[in-house]
Amino acid sequence: RSAGSCSGTLGLFLWHLKNTGIRQIPCHFVQLCRVANDRLITFQYFNFLKRMYVTQCNKDLSQRAKPKSDSVASPFRELQQLDQEKKVIHKIRPISPVHQPLSETSIRNEVREMKSAAETEDSVTPVRAESKEDRQWKEMKLQLNDLPGILARLSKIKLTALVVSTASAGFAMAPVPFDLTCFLIASLGTGLASCAANSINQFFEVPFDSNMNRTKNRPLVRGQISPLLAVCFAASCGVPGIALLTLGVNPLTGALGAFNIFLYTCCYTPMKRMSIANTWVGAVVGAIPPVMGWTAATGSLDAGALLLGGILYSWQFPHFNALSWGLREDYSRGGYCMMSVTHPGLCRRVALRHCLALIGLSTVAPLLDITTWTFPIISLPINLYISYLGFRFYRDADRSSSRKLFFCSLWHLPLLLLVMFTCKKSFLEKEDKGDLLGESHGRAMEIRLP
């Protein structure tokens, strides 16, 4: 009886499923119904069959949960609503009793308060309007009063002054009589060439300078002048500068000035984002101005010019490496490939190496008959001091030691050049020495003659 009752219930269940429109019945469910006489189908087994049916017939069933939209108000709409709404705070005075009539003075005070409130309301609205206009982009208008300062920052006037001073030192160290007119023309031409090179450098580095805190306020980055004006200013400085050096001084000095502009703008500037070799190329750029001063005075490239260039070449490594050590984050943001960023150990070693090289170069000066032997003796303490700070920078590798080395380099170079100038051999001494050598050579020739 139990098997018959179970088969009857199955028949009723199948008839109900067919009437509801469900035609796709799983094969396992049909097979299990056929063997119903052999097995006892329990309630748990019916639940299992129901789950099998749902999973096989509704394979594309998926739950799509639509997130609830949060009503987030835009900050700009809030600012507009605040600008539209005029909130005026009035001071509420206590209400006087009914039996006490209002005096004329109280009425006048209330009228004054209402007028002052209206005036403050009128004065608040234009301030808000101005602040809203300040948030928008504006075209910066160039004023003629600001133009000299902008062009001075475009040409890096402090760096240009350093270049002119080193060129003047090279002119003063030359073993020839001092010519004031040639000195002024050479200084002016060198300064104009430096202004042109610095302006072109800033023109090329606008997208990179905008990422650095040290250079983000430069005129081209802030849009104070147009790139066309910067290029025109560079051309108006470079062409007359090279012409003055070539025609007013000598062609050798003009060629060195033109080569230095090319080396700084076309080699050093792009190499700053490619290789750490840019530091050595930049040191050559800084070593050429004293050579230009020497050639402007003598008209030739002698050993003394190379010695002055070597001193400037070695001095730039402790100076720049110490400076770049404190600006590593800035150089990383700007995308520049500097020794302090990519090779910090090499940066410190090179700085110490060239600090020690200054001692050797100072010793070579009297050997080349440029200075007396008092120069290496007097310059030894300052050279030892900068070497000590270079060793501290190499050992500690921190901001404190790099700052001390950098600030020492600022006064070390002018002091070293000043000591070198005071210990310079005078032109008369060299002339007398040359005459003595000529006379002794003539006497030797006379003795040899029969």
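Please treat every number below as a calculation from the coordinates, not as lab data. Bear in mind that the values here come from a model prediction, so they are computed numbers and not experimental data. Using ideal geometry, Cβ is built from the backbone for each residue, glycine included, and neighbour counts are taken over all protein chains shown.
Annotations for the structure displayed:
- Backbone HN-Hα couplings from phi across the range 242-256 [Karplus 6.51/-1.76/1.60, Hz, Gly and Pro as x]: 5, 5, 5, 5, 7, 8, x, 10, 6, x, 5, 5, x, 5, 5
- In order along the range 214-221, the Karplus-derived 3J(HN,Hα) couplings, from 6.51 cos²θ - 1.76 cosθ + 1.60 at θ = phi - 60°, round to 6, 10, 6, 9, 5, x, 5, 5 Hz, and Gly and Pro are given as x.
- Convex hull per residue volume in Å³, alpha carbons only, for the range 385-426: 50 Å³
- Cα gyration tensor category, rounded, prolate or oblate, for the range 146-258 with a/c compared to 1.5: prolate
- Between THR371 and LYS425, the built amide H atoms are under 5 Å apart, and every one of these is 5 or more places off in sequence or on another chain.
- Other residues within the sphere of radius under 10 Å centred on the Cβ of PHE208, judged by their own Cβ, net out at +1 (K and R +1, D and E -1).
- Largest-first ellipsoid semi-axes for the range 321-381, taking √(5λ) over the Cα gyration tensor eigenvalues, angstrom: 35, 10, 9
- In order along the range 159-169, phi translates into HN-Hα couplings of 5, 5, 5, 5, 5, 5, 5, 5, 5, 5, 5 Hz, rounded to whole numbers, per the Karplus curve 6.51 cos²θ - 1.76 cosθ + 1.60 with θ = phi - 60° and x for Gly and Pro.
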